[in-house]
1. What do you reckon, is THR158 surrounded by fewer than 19 Cβ atoms within 10 Å (Cβ to Cβ) and not small (Gly, Ala, Ser)?
2. Counting residues that are among the aliphatic types (A, V, I, L, M) and within 30 Å of VAL353 (Cα to Cα), which strands (runs of 3 or more DSSP E) fully inside region 30-107 reach at least 2?
3. Which of the residues spanning region 1-29 are in contact with a helix residue (DSSP H, G or I) (Cβ under 6 Å, 6 or more places away or on another chain) and within 19 Å of PHE356 (Cβ to Cβ)?
4. Within region 4-30, take every residue that is without any contact (Cβ under 8 Å) to a residue 60 or more places away in the chain and charged (D, E, K, R) and give me the one that is surrounded by the fewest Cβ atoms within 10 Å (Cβ to Cβ).
5. Please verify whether region 275-296 includes one or more residues that are closer than 27 Å to VAL222 by Cα and in a strand (DSSP E or B).
6. Output the residues belonging to region 98-138 that are among the basic types (Lys, Arg) and over 30 Å from ARG204 (Cβ atoms).
7. Specify which of the listed residues (GLN151, GLN124) is polar (S, T, N, Q) and buried (at least 21 other Cβ atoms within 10 Å of the Cβ).
8. Pairs needed: first member in region 335-355, within 19 Å of TRP175 (Cβ to Cβ) and surrounded by 15 or more Cβ atoms within 10 Å (Cβ to Cβ); second member anywhere, at pLDDT 95 or above and polar (S, T, N, Q); C-beta distance under 6 Å; at least 6 residues apart or different chains.
Amino acid sequence: MTPTIVVGGALANKLGSGGEAWVRLSWIRGLQQIGFDVWFVEQIDDPSPERLAYFDSLVEEFGLGDRAALLTAEGVVRGPVMETLVGVAEESTLVNISGHIDSAELFPRFRSRVYVDIDPGFTQSWYAAGLPGARLDGHDHHVTIAERLGQADCPIPTCGLAWKTVRQPVVLGDWPVIESAGLPRFTTVGSWRGPFGPVTLDGRTFGLKVHEFRTFITLPTVAHHRFELALAIHAADEPDRQLLLANGWELVDPSDAAFDPARFRAYVQASAAEFSVAQGVYVGTNSGWFSDRTVRYLASGRPALVQDTGFSQTLPTGTGLLAFRSLGDAVRGADDIVARYDEHAAVARNIAVRYFDAEQVLPRFCEQCDIR
């Protein structure tokens, strides 16, 4: 009998974010790839017609059929009825991305529950402060993508939990290498501020991605290459948008670049390489956090020049994947990618194959969490 896993996470809740969709879809598809019968369950407070249509399109596109359900406080609005879901849960492990599933009717019925933390630093600080957003309680295993959590130089609290680590999985067949066209163009997709506020740990406050980006605002004027951002930036941050433009950044509408998984993949693969900074808490805590988005660039054979969060201590850097801490590091990295592009591109794909392939990452995850 094929073992069953239910992935809990957000698709409809992330309307218009194809990159976020790929995070959840890569877990679903990766677990399917290694032999599990995979279901997907999502909870939503605002089942607007647009969100429902987005959910339906993804379920159809990725062949989830009657194994995907969307829940509200009133009950199931898409997919199998609750009685069916409860029956599945009793024979399944819940892989709960960001603790998304907390339904009182469904959550306790799972045979086992695994919390997957993709926002390290935020999650643990919320939990330590007694805030409800972390949703760590009630799980049998706690897993994080912060590979250096628990190390002496990583101040993110463990909250008394025995954290295991996992790398962001990618199904390599979903991200084939295609030839890069045109002059080198560094891109990324993201939000100027992100959904969360600053984090304070041990009396030190860590800023947001916007604060890190401002440190590197002059990069295009110094490196003299093309840098493009598919950036969600609020109207209140218009001075920052103007500052980016004044310093040579090219800005594109993230809805055009990344509204759904297909557009996100096309945008990544039409790029030559990635350049991106990280949230301050990832950087300042030396957490080892590594972006799911960067994994997609690497898998596509696109070199990545990304701000070091401590991942340089666990992953190979220098070719294909370049880590920077300073503006000078970033300039030298961009120059080197342009000068040795074909070599960097080949190594980028090899890094994805060696370190992020779902067929390697997920069996280890299952073994750690006693999923079989």
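1. Considered against the rule, which asks whether it is surrounded by fewer than 19 Cβ atoms within 10 Å (Cβ to Cβ) and not small (Gly, Ala, Ser), THR158 comes out as yes.
2. By residue number, 37-43, 92-97.
3. VAL7, GLY9, GLY18, GLY19, GLU20, ALA21, TRP22, VAL23
4. Step by step, filter region 4-30, then rank; the result is LYS14.
5. Within region 275-296 (the criterion being closer than 27 Å to VAL222 by Cα and in a strand (DSSP E or B)), the answer is yes, since at least one residue qualifies.
6. Correct list: ARG109, ARG111, ARG113.
7. Matching residue, one of GLN151, GLN124: GLN124.
8. HIS344/THR319; VAL347/THR319
The values are calculated or read from the model by the stated rules, or taken from the named source; none is laboratory data. Since we're looking at a predicted model, the values are computed, not measured. As a convention, Cβ positions derive from the backbone with ideal geometry for all residues, glycine included, and neighbour counts pool all protein chains shown.
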